1. Below 29 Å, Cα to Cα, which lysines can Lys39 reach? Residues fewer than 8 away in the same chain don't count.
2. For the pair Met54 and Leu71, how long in nm is the line joining their label points, each one 7 Å along Cα→Cβ?
3. Please list the radius of gyration and Dmax for the range 32-94, considering alpha-carbon atoms only, with Å as the unit.
4. What is the set of long-range amide H partners of Thr31 at a cut-off below 5 Å, with H atoms built 1.01 Å from backbone N?
5. In the range 32-94, carbon and sulfur make up what percent of the accessible area (probe 1.4 Å)?
6. Please give the net charge around His83, taking every other residue with its beta carbon less than 14 angstrom from that of His83, where Lys and Arg add +1 and Asp and Glu add -1.
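The values are calculated or read from the model by the stated rules, or taken from the named source; none is laboratory data. Predicted model only: the values in this text are computed from it and were never measured. Here the Cβ positions follow ideal geometry from the backbone for every residue, glycine too, while neighbour counts run over all protein chains shown. Surface areas here come from the heavy atoms of the whole protein model, side chains and all, with no ligands, DNA or RNA. Shrake-Rupley method; radii C 1.70, N 1.55, O 1.52, S 1.80 Å.
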Amino acid sequence: GPGPGRLPAAGEDVPLEGGPPDHSYSLSSGTTSEELLRKLNEQRDIIALLEVKMKEMKGSIRRLRLAEAQLREEIREKDRLLHAASAGTRKRHGL
């Protein structure tokens, strides 16, 4: 096997110490550098997908915040109109 401080050559089998895998990212003993590279590429793909999803979610959050602001403005306007209408009713009835 490779000595300390020496990286394995591409395609060289390098057993890694470890127990049984309990997660999809865990490594079992006897994992080759090819398998490590495959796992790394899979994880890079997953990260790229997550980054895309994050951007989509940020866009959704931005749109929701704009919609919330518009709704709050509509509510303020309706409250103002209701207040003005109820104040006018009170004046007409001498309340």
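1. Lys53, Lys55, Lys58
2. 2.7 nm
3. 27.0, 90
4. Leu16
5. Details: 3620 of 5930 Å².
Heavy-atom surface of the range 32-94 belonging to carbon and sulfur, 1.4 Å probe: 61 percent.
6. Within the 14 Å Cβ shell, the charges total +3.
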